[in-house]
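The values are calculated or read from the model by the stated rules, or taken from the named source; none is laboratory data. The shown structure was predicted, so the numbers you read here are calculated from the model rather than taken from an experiment. Cβ sites come from the backbone with ideal geometry, for glycine too, and all protein chains shown count toward neighbours. Side chains included, ligands, DNA and RNA excluded: accessible areas come from the protein's heavy atoms. Shrake-Rupley method; radii C 1.70, N 1.55, O 1.52, S 1.80 Å.
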Amino acid sequence: MNHILRSQQFDRHALEALFAATDELGRQYDTPEGKSKLRTVCEGKLLFALFYEASSRTRFSFCAAAHHLGMASVQTENAREFSSAAKGETLEDTIRCFCQFDPDVIVLRHHETGGADRAAAVVDSCGYRVPIINAGDGRGQHPTQGLLDLYTIRRECGRIDDLTVVVGGDLANGRTARSLAYLLAKYSGIKLIFLSPKNLGMGEDILAHLEKYAVPFKETEDLDEALADADVLYWTRVQTERGSVNYTLDLTLRRAELARMKSKAVILHPLPRVDEIAKEVDADKRAAYFRQVRNGMLIRMTLLKQLCAA
Ligand code: CP
């Protein structure tokens, strides 16, 4: 099955093809005729968005993407409360039951690392033909966020190779940073700088992966040096819902920090932000995080289109 479970499953060729298709879809979407034609692409198809954890962007962008392709969507927020999980139903039973309703795609956000793998295993073992899209699994991964982040880097910088990317914040618990690191490792001339308090450093599994593929990286707590080096600054929040606490570093980006960055640097954030990017940064042309959200819908439209055609 064409499940989307982790970013490592995309090779560079697949990424380039996805990004070219998204460019093309975006051009089409930007014309009234094209937009109306896109509304017929997935007509009669059905998407389930099953979210056990809170979400604004991922859930709504998948449902908006489905709408713009003419695909129906059925969704639940907080499935731990609003699905029969509240009565004790297992994820496996829920997925098995949902497959009886013939969805064409299930988008799943789960609070446990490996939740999407468990759902995909049920689909595969029961012989259903329903792709599972991992929309975030605990501290694991968020592959479509990684794809939209990488696509945004490509659009904003005009390339992905030969960039210094500073990934900052709660890297121990931030699944988006993990998915992006795997994707960046596929490109050449990439240098990664992980900026975080020591207690929130990037996972050993990611560091081992980078070492295996000879991707240069360093871990630091030196904000000034990291900002000066960055072509791309990927900022993330402290994940208090996973018990994270930042004891040591002030990781707030304000106008003063921007003054230390390259004039053509790009600032990304998966959002939601809390207070790690001051609102005064939003007006800076290097702040690309709202454009990033728009790119996310286009990437998800392209993925849905491809999955429905498969
Ligand atoms: N970036 C992201 O996953 O946002 P949500 O949690 O709002 O979906």
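Compare K264, K218 by solvent-accessible area with a 1.4 Å probe and give them largest first, with all protein chains kept in place.
Ranked list, largest accessible area first: K264, K218.
Express the C-alpha Rg of the stretch 10-158 as a ratio against the empirical globular expectation 2.2 N^0.38 Å, rounded to two decimals.
Against the compact-globule rule of thumb, the ratio is 1.10.
Could you rank Y234, Y213, Y182, Y128 by how accessible they are, 1.4 Å probe, largest area first?
Working: Y234 0, Y213 125, Y182 20, Y128 50 Å².
Accessible-area ranking of Y234, Y213, Y182, Y128, largest first: Y213, Y128, Y182, Y234.
Take peptides 294-306, 188-200 and line them up by average Cβ neighbours within 10 Å, highest first, as a rough protection proxy.
The packing order, highest mean first, is 294-306, 188-200.
How large is log10 I(q)/I(0) at q = 0.16, 0.23 Å⁻¹ when the Debye formula is applied to the Cα atoms of the stretch 82-179, each weighted equally and without solvent?
Debye curve over Cα of the stretch 82-179, log10 I(q)/I(0) at q = 0.16, 0.23 Å⁻¹: -0.76, -1.15.
What are the lysines whose alpha-carbon lies under 26 Å from the alpha-carbon of K37, with same-chain residues fewer than 8 places away excluded?
Result set, ordered by chain and number: K45, K305.
Taking a temperature of 25 °C and a viscosity of 0.890 mPa s, what whole-number D in µm²/s does Stokes-Einstein yield for the stretch 200-310 with Rh from Kirkwood over alpha carbon pairs? Let's see the in-between values first.
Details: Rh = 16.3 Å.
My calculation gives 151 µm²/s for D.
Taking R0 as 22 Å, what FRET efficiency do you get between S263 and K218 from their Cβ-Cβ distance, rounded to the nearest 0.05?
Numbers: r = 24 Å, r/R0 = 1.07.
Approximately 0.40, to the nearest 0.05.
With labels modelled as points extended 7 Å from the Cα through the Cβ direction, what inter-label distance (nm, one decimal) is found for E225 paired with A309?
Computed distance between label sites E225 and A309 equals 4.8 nm.
How much net charge surrounds F10 when only the other residues with a Cβ under 13 Å from the Cβ of F10 are counted, with Lys and Arg +1 and Asp and Glu -1?
Spelling it out: positives minus negatives among the neighbours equals 0.
Could you estimate the translational diffusion coefficient of the chain from the Stokes-Einstein equation, with Rh from the Kirkwood formula over C-alpha pairs, at 20 °C and 1.002 mPa s, in whole µm²/s?
The Stokes-Einstein estimate is 108 µm²/s.
If packing is taken as the average count of other Cβ atoms within 10 Å, what order do 223-230, 29-36 fall into, highest mean first?
223-230, 29-36
With springs only between Cα atoms under 10 Å, which of A135, A177, A86 fluctuates most in a Gaussian network model of the chain?
In this elastic network of the chain, the residue with the biggest mean-square fluctuation among A135, A177, A86 is A86.
Please list the non-local residues whose amide H lies under 5 Å from the amide H of A172, H modeled 1.01 Å from N, same-chain partners needing a gap of 5 or more.
Here G201 satisfy the definition.
Per residue, how much accessible area does the stretch 15-78 have with a 1.4 Å probe, in Å²? Don't skip to the end; give the middle numbers.
Values: 2910 Å² over 64 residues.
Per residue, the stretch 15-78 has an accessible area of 45 Å².
Give the ranking of E89, E24 by solvent-accessible surface, highest area first, calculated with a 1.4 Å probe.
Details: E89 65, E24 100 Å².
I get E24, E89, largest accessible area first.
Do any of K212/K285; K186/K279; K212/K264; K198/K262; K218/K264; K218/K262 go past 28 Å between their Cα atoms, and which? All intermediate terms of the calculation are to be shown ahead of the outcome.
On the way: K212/K285 36 Å; K186/K279 33 Å; K212/K264 31 Å; K198/K262 26 Å; K218/K264 22 Å; K218/K262 19 Å.
Too far apart for the 28 Å limit: K212/K285; K186/K279; K212/K264.
Averaging sequence separations of C-alpha pairs under 8 Å and six or more residues apart, then dividing by the length of the chain, give the relative contact order as a whole percent.
19 percent
Starting from the Cα of D161, step 7 Å along the direction of its Cβ; do the same at R39; then give the gap between the two resulting points in nm.
4.2 nm
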